[in-house]
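Comments concern the structure below.
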Amino acid sequence: MTVPNRSASRRAAKPYSRMVTIGDATLYQGDAYEILHTLGWFDVLVMDPPYVIDMSGGGKFRADRKHFSEIEEEELDRGFDYSIINALMCGAVVVFCHNNQVPELSTFLNGSFERFTICAWHKSNPMPVANKSYQPDTEFYIHAWNRDFAVAGELADKKRHITTAVGKSDFDHPTVKPDAVMAKIITNVGGRSICDPFMGTGSTGVAAIMAGKRFVGIEKNPKHFATAVERLTAAHAEAERLAAEQEAA
Ligand SMILES: C[S@@+](CC[C@H](N)C(=O)[O-])C[C@H]1O[C@@H](n2cnc3c(N)ncnc32)[C@H](O)[C@@H]1O
């Protein structure tokens with residue numbers, strides 16, 4: 001009779017292919033749907049998941065819009081599964097979405113958390129098109145929270161909108177969020193531990209590190225994961241430099 005090697009069969013495979021620690025931040029390369037639920041509680045989930053977008057159209061301008069093709073190639077136009085937001089495992093959530101998703105996502109978040117608000121990033125330099133609708137000058141994000149994780153910041157920080165330009169990204173990713181937008185969001189979330197399960201190039205992580213928060217990021221694309229590691233390493237060094245400067249003053 002062969003005795004099965006129980007310790008080996010019990011050892012579950014890790015759900016991620018890489019884990020990198022940078023100061024108070026931990027980054028996982030892999031599928032957020034397999035990883036997030038193994039990590040336990042986070043005070044806040046801040047996420048910019050794939051939107052639901054109709055990428056057809058664009059007419060004669062289409063050729064100039066390289067990021068449209070990249071969004072399609074990387075399947076960032078197919079939405080996300082709401083089950084990744086478990087209101088029993090976090091105190092609050094911030095979710096970016098396309099304006100067409102606002103009604104459905106609001107209903108879901110309003111039903112899962114005690115409070116919620118729709119906020120907006122106004123782009124000061126939107127694409128100069130309007131076709132049969134409005135200019136693409138606003139992106140929405142929904143902030144939903146439970147009592148102990150209410151909106152943070154001073155009165156002046158608590159506006160529901162921020163206006164800033166769409167930056168020219170050096171990070172080879174079609175949908176990088178500007179530092180100013182992410183810094184505002186991190187100022188407004190209550191709590192100390194932040195997780196971004198759709199981390200991309202690490203924009204949430206940079207803002208979290210600069211604000212002295214604990215950060216966990218998940219990204220499945222190895223190229224974007226590597227960019228996030230670079231960006232967060234630089235942010236960590238900058239945060240340490242500023243802290244040393246402050247201590248010396
Ligand atoms: C809209 S982008 C986020 C961009 C990010 N906010 C930034 O500023 O760089 C969404 C990211 O989620 C990643 N992603 C999509 N599905 C994923 C999954 N199941 N697990 C982990 N990452 C995923 C994509 O590769 C993409 O980089």
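The values are calculated or read from the model by the stated rules, or taken from the named source; none is laboratory data. What you are looking at is a predicted structure, and each value in this text was computed from that prediction instead of being measured. Cβ sites come from the backbone with ideal geometry, for glycine too, and all protein chains shown count toward neighbours. All accessible areas refer to the heavy atoms of the entire protein, side chains included, with ligands and DNA or RNA removed. Shrake-Rupley method; radii C 1.70, N 1.55, O 1.52, S 1.80 Å.
Annotations for the structure displayed:
- Solvent accessible area, Å² - Asp77, 1.4 Å probe, full protein context: 30
- Rough spin-label spacing in nm, given labels placed 7 Å along Cα→Cβ, for Glu75 and Val129: 2.5
- Backbone phi angles across segment 14-24, fed through the Karplus curve with coefficients 6.51, -1.76 and 1.60 (θ = phi - 60°), yield HN-Hα couplings of 5, x, 10, 9, 8, 9, 10, 10, 10, x, 8 Hz in residue order; Gly and Pro are listed as x.
- Size of charge dipole - the chain - debye, nearest 20, with Cβ of Lys, Arg +1 and Asp, Glu -1, no other charges: 320
- Selection of trypsin sites (Lys or Arg not before Pro), segment 113-143, meeting DSSP coil and at most 15 other Cβ within 10 Å: Lys132
- Local electrostatic count, Phe113, Cβ distance below 14 Å [Lys/Arg +1, Asp/Glu -1]: -1
- Inter-label distance, Asp137 to Thr233: 4.1 nm, where each label sits 7 Å from its Cα along the C-beta direction.
- In this simple spin-label approximation, Leu242 and Met89 carry label points 7 Å from Cα along the Cα→Cβ vector, and these lie 3.1 nm apart.
- Full extension of the chain between Thr117 and Asp172 yields a length gain of 16.7 nm, computed as 0.36 nm times the residue separation minus the alpha carbon distance.
- Over 18 Å [Cα-Cα, segment 157-210], rounded percent: 33
- In plain terms, the bigger the Kirkwood radius, the slower the diffusion; for the chain, with that radius from Cα pairs, at 10 °C and 1.306 mPa s, Stokes-Einstein puts D at 82 µm²/s.
- DSSP-assigned coil residues among GluC sites (Glu not before Pro) in segment 79-174, each with at most 16 further Cβ atoms within 10 Å: Glu114, Glu154
- Our summary gives the chain a relative contact order of 23 percent, counting only alpha carbon pairs under 8 angstrom and 6 or more residues apart.
- His37 contributes about 140 Å² of solvent-accessible surface, heavy atoms of the protein only, 1.4 Å probe.
- Average projected area [Cα convex hull, segment 70-180], square nanometres: 8.6
- For Thr163, residues with placed amide H under 5 Å, excluding near neighbours: His122
- Put a plus charge on the Cβ of each Lys and Arg, a minus charge on the Cβ of each Asp and Glu, and nothing anywhere else: the dipole of segment 101-198 about its Cα centre is then about 260 debye.
- Neighbourhood net charge (14 Å Cβ-Cβ; Lys/Arg +1, Asp/Glu -1) for Leu232: -3
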